[in-house]
Amino acid sequence: MPPESLPTVLNSLRSTLLDPDRLVRAVASGRRRGAVPHYRRTELRWVDLRAGRRLQIVTFDSTQSFTTNVEPAAAPEAVAAVLDQPYGNWHVDSTDESVQVRVTKKGAAQVHRAPAPQRDVERQHDRTKARMLDASHPFLHAVGISDAEGRIKPSRSAKYRQVDEFLRAFAPTMDDVLRAAAGETVRLVDLGCGNAYLTFAVRAWLDQRPDSKVEVTGIDVKEQSRARNEALAAQLGWASTMSFGRSTIDAAELVDRPHGVFALHACDTATDDALARAVQWQAPVILAAPCCHHDLQRQLSGAAHWPGPYGMLARQGILRERFADVMTDALRASILRILGYRVDVMEFVDSVHTPRNTLLRAVRTGGEPPAEVVTEYSRMIEMWGVRPALGQRLKRELMTAGLDI
């Protein structure tokens, strides 16, 4: 769909947000280019309290949430204040449609509208959070997250939350995956899949979408993982739509180009292997959750001189390691942007549940990278004297893009 005028689109959202009978839930998140909203995320919905119906606005900063219940008379002003914030994404569910809005680099609105499924609107002040995958799903029982009655085991609640938040991160890219598939069977590949918890979760979630057929392939170097995952797929009745192979990531071969590639908790440079294969396949959607970052840690720990005042970071091992972690993912994101991807780096589950909570979410646009992205990458690796593993694996592609490394 062609971009639309952002003020016009936001004004159309305004009427939905202010309609207590139509609005189900609205979420604003992300940021626009060159601007940062006051809160990282804002959610809106109408609730019924003892005092009457109110517009509930929940805002999230980096550590906590804040809830405000606004009287109807004050709702227009409150909604205007949220719409004025430079959020990069809006997702608005109403009783008759779902609207997704993404603000482009040029400040226009890329809008996707779809009819809403028939649903009841919850107005309770204290409600149970809607999960992407119901606790009673057979997959969750098969992997030991829930019991036979469909209740989440207390000891596995963190894993359930991780599954839920990953599906929330994947869901916004589903339109890109379906667009790339163009009516074909959706092909998803998990590189370095291990026990493939999250990929099985995606397969389970897609079962709830009758509008798409899916085939999932898992690749792992361990024969034990291949055998275990094939047995689980057969147990769940998915043997015809899920397959698993034994291979290193860099040697993985596919008959057809995948529409989505996952690399979830692949260790160290195995994440770079997976990102490189995905780029070489020109995968439309890539989701990577790195596990550990030893490559740049080693390169930086051996540096005799850190540039400028950054030497203070080198003196403390834990700070040096954390800095290397951040630099690694920043350079990965930069390389993907140079090679034609739109990239978000996000926290897909709170660190209290798992320390491996960074997610790189990339959607292929095929566009030329802004000159400043190329310049920033070149200056960064020159300043620090590092050679990122992903850059070495994609040297030919980067040189084709005009980057001399």
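Using the heavy atoms of the protein chains and a 1.4 angstrom probe, tell me the accessible area per residue for the range 187-227 in square angstrom. Write down the numbers at each step before the final one.
Values: 1690 Å² over 41 residues.
For the range 187-227, the solvent-accessible area averages 41 Å² per residue.
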Give the long-range amide H neighbours of residue 189: residues separated by 5 or more places, or on another chain, with amide H under 5 Å away, using H modelled in the peptide plane at 1.01 Å from N. 217, 260, 261, 262
Once label points are set 7 Å from the Cα along Cα→Cβ at both residue 168 and residue 5, what is their separation, rounded to one decimal in nm? 3.4 nm
Please state the equivalent ellipsoid semi-axes for the range 129-184: what are the square roots of 5 times the Cα gyration tensor eigenvalues, largest first, in whole Å? 27, 12, 8
Sparse-neighbourhood loop sites, GluC sites (Glu not before Pro) in the range 203-294 - DSSP loop, at most 15 other Cβ within 10 angstrom: 253
If each residue of separation counts as 0.36 nm, what is the full-extension length gain between residue 310 and residue 400 once their alpha-carbon separation is subtracted? 29.1 nm
Which ³J(HN,Hα) values in Hz, rounded to whole numbers, follow from the phi angles of the range 88-100 under the Karplus curve 6.51 cos²θ - 1.76 cosθ + 1.60, where θ = phi - 60° and Gly and Pro get x? x, 9, 10, 10, 10, 9, 10, 5, 10, 7, 10, 10, 10
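Residue 175 to residue 36: extension gain in nm, 0.36 nm per residue of separation minus the Cα-Cα distance? Don't jump to the answer; show the numbers that get you there.
Details: separation 139, 0.36 × 139 = 50.04 nm, distance 2.58 nm.
Between residue 175 and residue 36, full extension yields 47.5 nm more.
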Using all Cα-Cα distances in the range 1-58, what percent lands in each 5 angstrom bin from 0 up to the longest? 4, 15, 19, 23, 19, 11, 5, 2, 1
Long-range amide H contacts for residue 46: which residues qualify at under 5 Å (H placed 1.01 Å from N, peptide plane, sequence gap of 5 or more or a different chain)? 56
Sites residue 318 and residue 294 - FRET efficiency at Förster radius 25 Å, r taken between beta-carbons, to 0.05: 0.95
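Could you work out what % of the accessible surface of the chain is carbon and sulfur, using a 1.4 angstrom probe and leaving DNA, RNA and ligands out of the count?
Values: 9960 of 20310 Å².
The computed percentage sits at 49.
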The range 185-226 scanned against label point 7 Å out from residue 142 along Cα→C-beta; backbone N under 13 Å for 196-207, 216
For the chain, with a Gaussian network of springs between Cα atoms less than 10 Å apart, report the residue from 140, 23, 198 with the top mean-square fluctuation. 23
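Using +1 on the beta carbon of Lys and Arg, -1 on that of Asp and Glu, and nothing else charged, what's the dipole of the range 1-63 about the Cα centre, debye to 20?
Numbers: 12 positive and 6 negative charges, 34 e Å.
Computed charge dipole of the range 1-63: roughly 160 debye.
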Linear extension gain, residue 239 paired with residue 134, 0.36 nm per residue minus alpha-carbon span: 35.6 nm
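Can you list the trypsin sites (Lys or Arg not before Pro) in the range 69-114 that are in a DSSP coil and have 10 or fewer other beta carbons within 10 angstrom?
Passing both the DSSP loop test and the Cβ count: 106.
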GNM of the chain, Cα pairs under 10 angstrom: of 80, 231, 314, the biggest fluctuation goes to 80
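Between beta-carbons, use under 13 Å as the cut-off and find the net charge around residue 187, counting Lys and Arg +1, Asp and Glu -1.
Working: positive: 203, 213, 257; negative: 184, 190, 215, 256.
The answer is -1.
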Before I look further, what does the range 1-113 give for accessible area per residue, probe 1.4 Å, in whole square angstrom? 53 Å²
Which Cα, out of 275, 308, 232, lies furthest along the positive dipole direction of the range 232-330 (beta carbon charges, K/R +1, D/E -1)? 308
Project the alpha carbons of the range 168-211 onto their principal axes and report the range along each, largest first, in whole Å. 30, 19, 17
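For a distance above 36 Å, tell me the whole-number percent of Cα pairs in the chain that qualify.
Numbers: 24425 of 81810 pairs.
Everything past 36 Å amounts to 30 percent.
Add -39500 (n - 2.57) for each DSSP H run of 4 or more in the chain, then divide by its residues: what number comes out at 222 nm, to the nearest 500 deg cm²/dmol? All intermediate terms of the calculation are to be shown ahead of the outcome.
On the way: 14 runs with 141 residues, N = 405.
After summing the helix terms and dividing by residue count, I get -10000 deg cm²/dmol.
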Springs between alpha-carbon atoms under 10 Å, Gaussian network over the chain: tell me which of 52, 367, 88 tops the mean-square fluctuations. 52
I'd like the projected area of the range 245-384, averaged over all directions, using the convex hull of its alpha carbons. Report it in nm² with one decimal. 9.8 nm²
Convert each backbone phi in the range 33-49 into a coupling constant with the Karplus relation 6.51 cos²θ - 1.76 cosθ + 1.60 (shift: θ = phi - 60°), then list the ³J(HN,Hα) values in order as whole Hz, x for Gly and Pro. 4, x, 8, 10, x, 5, 10, 6, 7, 9, 10, 10, 6, 8, 10, 9, 10
Gap separating the Cα centres of the range 174-194 and the range 71-87, nearest whole Å: 37 Å
Can you list residues from other chains, or at least 5 along the same chain, whose modelled amide H is less than 5 Å from the amide H of residue 24? 93, 94, 95
So how strong a dipole does the chain carry about its Cα centre when Lys and Arg Cβ are +1 and Asp and Glu Cβ are -1, to the nearest 20 debye? 400 debye
Would you please classify the overall shape of the range 167-245 from the alpha carbon gyration tensor, given that a ≥ b ≥ c denote the square roots of the eigenvalues, rounded means a/c under 1.5, and beyond that prolate means a/b larger than b/c while oblate covers the rest? prolate
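The values are calculated or read from the model by the stated rules, or taken from the named source; none is laboratory data. Remember, predicted model here, so these are calculated numbers, not experimental data. With ideal geometry, Cβ positions are generated from the backbone for all residues, glycine too; neighbour counts draw on all protein chains shown. Note: accessible area is taken over every heavy atom of the protein model, side chains too, but ligands, DNA and RNA are not part of it. Shrake-Rupley method; radii C 1.70, N 1.55, O 1.52, S 1.80 Å.
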